[in-house]
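Nothing in this text is a laboratory measurement; each read-out follows from the coordinates by a stated rule. Just so you know, these numbers come straight off a predicted model, no measurement behind them. Cβ atoms come from the backbone with ideal geometry, glycine included; neighbour counts cover every protein chain shown.
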Amino acid sequence: MKPTSRAFKSNASRALRDEPLKSALSGIKHGFVANRARARANLPEFEDLRDEARAVKEHALAHLDLYLEAYEKKVQETGGQVHWAASAEDARAAILKICRDAGAKTVTKGKSMVGEEIAINAYLENAGITPVETDLGEYLIQLRHEPPSHIIAPAIHLTKDQVEADFRKAHTDLPSARTLEEPEQLVAEARAILREKFLAADVGITGANLLIAETGTSVIVTNEGNGDLTQCLPRVHIVITSIEKVVPTLEDADTILRVLARSATGQEFSTYTTLTTGPKREGDPDGPDEYHVVLLDNGRSEMLGGVFRDMLRCIRCGACMNHCPVYGAVGGHAYGWVYPGPMGAVLTPSLIGVEEAGHLPNASTFCGRCEAVCPMRIPLPKMMRHWREREFENGDTPTLYKLGLKLWAFAARRPAIYHRLTGIVSPLLSRLGRKGRFSSMPLAGGWTRYRDLPAPQGKTFQQRWRERDGQ
Amino acid sequence: MSRSNARKNILNAVRHSLGVTDTDTVREKTVAKRLKAHKPNLVPEIAKVSGKKAVALISEKLEGQGATVSHVDKPDQIPERIAEYLRENNLPAEFRTGDDSMLSQIPWSKASSLTRHTGRGQGDDAVTISRADTAAAETGTLFLTSGADNPTTLNFLPDTHIVVIRAKDIRGSYEDAWNILRKAYKKQGLPRTVNLVSGPSRTADIEQIIVMGAHGPRRLHVIIVG
């Protein structure tokens with residue numbers, strides 16, 4: 001998809017005026033956030049497990065070339081094929097070739113963020129192959145021709161009423177008088193429609209949460225079971241994944257799985273965790289005849305050698321966005337590409353360039369909650385600062401912003417002037433602010449349009465400090 | 001770019017970023033050792049259970065995740081328990097299983113009302129029965145393996161999935177469960193598919209409201225034997 005990350009500011013403004021979006025996002029606090037807190041409280045070793053999970057990925061990344069080779073060897077030994085793809089274009093071409101060779105007309109898909117990253121659906125459609133998203137959230141956004149707005153809950157921006165309207169528009173074969181008010185009815189309708197698609201598909205494409213070098217295994221984690229129906233029914237199974245997903249052993253996978261679901265949905269373990277090793281074996285009554293793994297690089301090998309290496313530990317749980325005040329206010333679409341929230345603000349400029357996505361690292365209050373909840377302890381605020389520094393060095397910072405900074409720096413370096421100014425401005429603002437707040441202010445419209453600006457109260461910090469010293 | 005070139009280029013780029021030199025053999029030894037040892041990392045205390053405690057824990061966890069659990073002493077009590085379960089839930093008295101040795105030896109005729117079909121799962125199966133090889137009590141997680149004994153499609157296509165497991169096969173942690181599979185499959189490595197199942201299918205994709213039976217089974221019933 002074409003990124004709109006450059007327009008983050010206007011995207012965000014639009015999102016802030018979007019009432020259904022506001023209503024949809026309001027559920028995160030009582031859902032994901034509360035559930036994660038409960039899961040964490042119920043496992044005394046949770047913080048230690050975070051350290052161990054980080055160590056597993058650190059070790060795997062430090063030996064990535066060797067684990068990728070070991071992984072590939074095992075996949076081949078068990079009858080599967082590995083396709084290396086340096087770019088999104090290479091990955092798309094590899095997938096299309098496998099689909100063409102299989103004579104595929106329809107392809108079912110499990111949820112895959114790498115699939116979104118390489119925009120595989122549009123590519124297959126252009127080639128005359130119909131991709132069908134089977135994760136309920138992904139199915140909803142496919143009907144709406146929208147990108148996901150969250151990495152584990154792609155349709156979190158939608159309300160029930162919007163889903164009902166979309167289903168009535170799309171499922172025209174069904175009686176128009178049917179009731180579709182309750183989530184149960186909507187889920188049942190999607191289940192019946194997608195069941196037919198599962199049974200008819202020629203190829204199934206899934207992502208992978210992890211790859212295991214020891215056994216040549218790909219791992220998917222779902223709650224719906226859609227990823228499993230996607231991969232066990234068609235003749236061909238394609239796994240689209242990226243090189244940083246590999247871990248050494250089953251035991252290492254256990255460690256990561258122990259923090260993944262708890263951080264993501266707050267479940268202790270997802271309903272279905274599936275380990276797949278090669279295609280159908282002799283005597284197997286089901287399973288695919290072919291098993292392909294498309295291994296994408298797309299800038300990751302370069303990240304490994306730079307300041308954004310820590311980002312490669314990310315296991316795509318979504319905790320950072322669930323806890324982010326900016327994400328909670330504007331939702332995922334404002335970020336303008338595939339990966340939203342704090343992890344997206346760091347990853348997107350690495351993958352599509354700082355010219356495209358330089359605004360995203362500015363979409364942060366630096367409150368630090370993202371790092372505090374990240375199961376892999378990725379220093380997200382620090383990395384957003386790296387991007388801001390680069391943006392500044394590149395001269396991409398807006399002129400007005402630079403002028404403001406210069407003025408502030410001028411005053412801040414001259415304490416006498418600074419104190420004099422704050423001594424005048426602060427009481428003045430205090431008197432001007434009605435009931436202690438401003439509902440509008442010149443140059444601060446971006447803030448006051450959505451919330452009041454508190455007026456300074458009482459004396460300045462410096463004045464109070466002097467008084468305290470004088471006592 | 002040809003495929004072999006892509007492989008070489010990616011691996012070279014990785015090595016370049018890591019600053020690896022050709023003369024470095026320590027890394028290779030480290031990796032070989034770790035793969036061979038497959039040592040457990042930190043295992044939480046809750047997972048360090050066995051025997052009756054493991055059975056109690058897995059029952060509690062499964063029920064907390066929306067499954068139902070019942071117990072029988074001997075395999076030949078299974079048909080009656082299943083007949084009862086199907087009646088209680090107004091389900092048809094027929095089901096499908098694979099060739100699993102334990103399930104095949106059960107005297108199904110004891111509950112004459114039941115009809116048993118065999119083979120891989122079908123799109124309109126109402127009830128299927130599988131046997132789990134092992135389980136990890138720590139999160140109520142059943143380990144089911146692919147093959148003619150217990151076809152994978154039986155785990156996902158039916159409305160109601162019944163899983164039978166022997167009490168003695170239940171372990172505390174995932175690590176202990178893997179060791180059971182490692183012992184059973186030895187040099188073959190893992191079976192094609194290992195499904196770790198911790199409850200019935202669900203989704204929360206509409207307004208974060210949990211609805212059971214998204215694509216997989218709406219009901220999961222676990223029978224612990226022994």
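If amide H atoms are built 1.01 Å from N in the plane of the peptide, which residues on other chains or at least 5 residues away come under 5 Å of the amide H of B:Asp149?
The answer is B:Asp99.
Taking K and R as +1 and D and E as -1, what net charge do the other residues with C-beta under 10 Å from the C-beta of A:Leu250 add up to? Numbers along the way, then the final one.
Details: positive: B:Arg182; negative: A:Glu214, A:Glu251, A:Asp252, A:Asp254, B:Glu175.
In short, -4.
Please give the contour-minus-distance gain from B:Thr25 to B:Met102: 0.36 nm per residue of separation, less the Cα-Cα distance, rounded to one decimal in nm.
Once the chain is fully extended between B:Thr25 and B:Met102, it gains 22.8 nm.
Run through the range A:24-116 and list the trypsin sites (Lys or Arg not before Pro) located in a DSSP loop whose Cβ has at most 13 other Cβ atoms within 10 Å.
Details: sites: A:Lys29, A:Arg36, A:Arg38, A:Arg40, A:Arg50, A:Arg54, A:Lys57, A:Lys73, A:Lys74, A:Arg92, A:Lys97, A:Arg100, A:Lys105, A:Lys109, A:Lys111; in loops: A:Lys105, A:Lys111.
Within the range A:24-116, the qualifying trypsin sites (Lys or Arg not before Pro) (loop, at most 13 other Cβ atoms within 10 Å) are A:Lys105.
Which loop GluC sites (Glu not before Pro) in the range A:236-339, with loop taken from DSSP, have no more than 15 other Cβ atoms within 10 angstrom of their Cβ?
Hits after loop and neighbour filter: A:Glu282.
State the cysteines of the protein assembly as shown left without a partner when partners are defined as other cysteines whose beta carbon lies under 4.7 Å away.
Lone cysteines by the Cβ rule: A:Cys99, A:Cys232, A:Cys314, A:Cys317, A:Cys324, A:Cys367, A:Cys374.
Using only helices, what value at 222 nm comes out for chain B when you add -39,500 (n - 2.57) per DSSP H run of length 4 or more and divide by the total residues, to the nearest 500 deg cm²/dmol?
Details: 7 runs with 74 residues, N = 226.
Computed ellipticity for chain B at 222 nm equals -10000 deg cm²/dmol.
If you take the Cα Rg of the range A:399-470 and divide it by 2.2 N^0.38 Å, with N the number of residues, what do you get?
Numbers: Rg = 14.3 Å, N = 72, 2.2 N^0.38 = 11.2 Å.
Ratio of Cα Rg to 2.2 N^0.38 Å: 1.28.
Would you calculate the separation in nanometres between label points at B:Thr118 and B:Lys186, each defined as 7 Å from the Cα along the Cα-to-beta-carbon direction?
My value for the distance between the label points is 2.6 nm.
How much of the DSSP bridge set in chain A is antiparallel, in percent, rounded to the nearest 5? Don't skip to the answer; put the middle values down first.
Values: 11 of 36 bridges.
Expressed as a percentage, antiparallel bridges in chain A total about 30.
Find out how many positive minus negative residues lie around B:Ser101, taking Lys and Arg as positive, Asp and Glu as negative, among other residues whose Cβ is under 14 Å from that of B:Ser101. Walk me through the numbers on the way to the answer.
On the way: positive: B:Arg131, B:Arg166; negative: B:Asp99, B:Asp100, B:Asp133, B:Asp149, B:Asp169.
So the environment of B:Ser101 carries a net charge of -3.
Could you compute Rg(Cα) / (2.2 N^0.38 Å) for chain A, with N its residue count?
Working: Rg = 25.1 Å, N = 471, 2.2 N^0.38 = 22.8 Å.
Dividing the Cα radius of gyration by 2.2 N^0.38 Å gives 1.10.
Hey, fewest Cβ within 10 Å first, where do A:Ser242, A:Ser13, B:Ser146, B:Ser113 land in order? Numbers along the way, then the final one.
Details: A:Ser242 23, A:Ser13 16, B:Ser146 26, B:Ser113 10.
Ranking A:Ser242, A:Ser13, B:Ser146, B:Ser113 by Cβ neighbours within 10 Å, fewest first, gives B:Ser113, A:Ser13, A:Ser242, B:Ser146.
Past 22 Å, Cα to Cα: identify those pairs from B:Lys53/B:Lys187; B:Lys33/B:Lys186; A:Lys406/A:Lys459; A:Lys9/A:Lys402; A:Lys29/A:Lys382; A:Lys2/B:Lys8, in the order given.
Details: B:Lys53/B:Lys187 32 Å; B:Lys33/B:Lys186 18 Å; A:Lys406/A:Lys459 26 Å; A:Lys9/A:Lys402 17 Å; A:Lys29/A:Lys382 25 Å; A:Lys2/B:Lys8 30 Å.
Among B:Lys53/B:Lys187; B:Lys33/B:Lys186; A:Lys406/A:Lys459; A:Lys9/A:Lys402; A:Lys29/A:Lys382; A:Lys2/B:Lys8, the Cα-Cα distance tops 22 Å for B:Lys53/B:Lys187; A:Lys406/A:Lys459; A:Lys29/A:Lys382; A:Lys2/B:Lys8.
Please work out whether the range A:6-49 counts as rounded, prolate or oblate from its C-alpha gyration tensor, where a ≥ b ≥ c are the square roots of the eigenvalues and a/c under 1.5 means rounded, while otherwise a/b larger than b/c means prolate and anything else oblate? Don't skip to the end; give the middle numbers.
Numbers: a/c = 7.95, a/b = 2.32, b/c = 3.42.
Cα axes put the range A:6-49 in the oblate bin.
In Å, the Kirkwood hydrodynamic radius of chain B over pairs of distinct alpha carbons?
On the way: mean 1/r = 0.0504 Å⁻¹.
It is 19.8 Å.
How tilted is helix A:250-264 with respect to the longest principal axis of chain A? Cα atoms for both, answer in degrees (0 to 90, nearest 10).
Helix A:250-264 sits at roughly 50 degrees to that axis.
Which percentage, to the nearest 5, of the DSSP beta bridges contained in chain B is antiparallel? Display every interim value, and only then the final one.
Working: 9 of 33 bridges.
Taking every DSSP beta bridge within chain B, about 25 percent pair in antiparallel fashion.
Which loop chymotrypsin sites (Phe, Trp or Tyr not before Pro) in the range A:346-406, with loop taken from DSSP, have no more than 15 other Cβ atoms within 10 angstrom of their Cβ? Before the final figure, lay out the partial values.
Values: sites: A:Phe366, A:Trp387, A:Phe392, A:Tyr401; in loops: A:Phe366.
Answer by residue number: A:Phe366.
Just add up the charged neighbours of A:Asn121: K/R +1, D/E -1, any other residue whose Cβ is under 9 Å from the Cβ of A:Asn121.
On the way: positive: A:Lys109; negative: A:Glu116, A:Glu125, A:Glu133.
Result for the neighbourhood of A:Asn121: -2.
For chain A, find the longest principal axis of its Cα atoms and tell me its angle to the long axis of helix A:399-412, 0 to 90°, nearest 10.
So the inclination is approximately 50 degrees.
Enumerate the calculated ³J(HN,Hα) couplings along the range A:326-342 in order (Karplus 6.51 cos²θ - 1.76 cosθ + 1.60, θ = phi - 60°), each rounded to whole Hz, writing x wherever the residue is Gly or Pro.
6, 4, x, 8, 10, x, x, 5, 4, 5, x, 8, 8, 9, x, x, x
When you count, for each residue, the other Cβ atoms within 10 Å and take the mean per peptide, how do A:210-220, A:162-172 rank with the highest first? Intermediate results must be reported in sequence, preceding the final value.
Numbers: A:210-220: 25.5, A:162-172: 15.6.
Highest-to-lowest ranking by the protection proxy: A:210-220, A:162-172.
Would you mind pulling out the separation of the Cα centroids of the range B:47-64 and the range A:50-68, in Å?
31
Quick one: 3J(HN,Hα) in Hz for the range B:196-209, Karplus 6.51/-1.76/1.60 with θ = phi - 60°, rounded, Gly and Pro as x.
9, 10, 10, x, x, 4, 8, 9, 10, 6, 9, 6, 6, 9
In degrees from 0 to 90, rounded to the nearest 10, what is the angle of the helix B:78-88 Cα long axis to the longest principal axis of chain B?
Between the helix axis and the principal axis of chain B, the angle is about 70 degrees.
For the range A:412-430 and the range B:159-174, write down the distance between their C-alpha centroids in whole Å.
Each part's Cα centre sits 70 Å from the other's.
Quantify how strongly other chains surround peptide B:141-152 by giving the mean number of their Cβ atoms within 10 Å of each of its Cβ atoms. Please list the in-between numbers first.
Working: counts 7, 0, 2, 1, 1, 9, 7, 6, 2, 0, 5, 12.
Taking all residues of B:141-152 together, the mean is 4.
In whole Hz, with x marking every Gly and Pro, tabulate ³J(HN,Hα) for the range A:282-289 from phi via Karplus 6.51 cos²θ - 1.76 cosθ + 1.60, θ = phi - 60°.
Working through the residues one at a time gives 4, x, 5, x, 9, x, x, 6 Hz.
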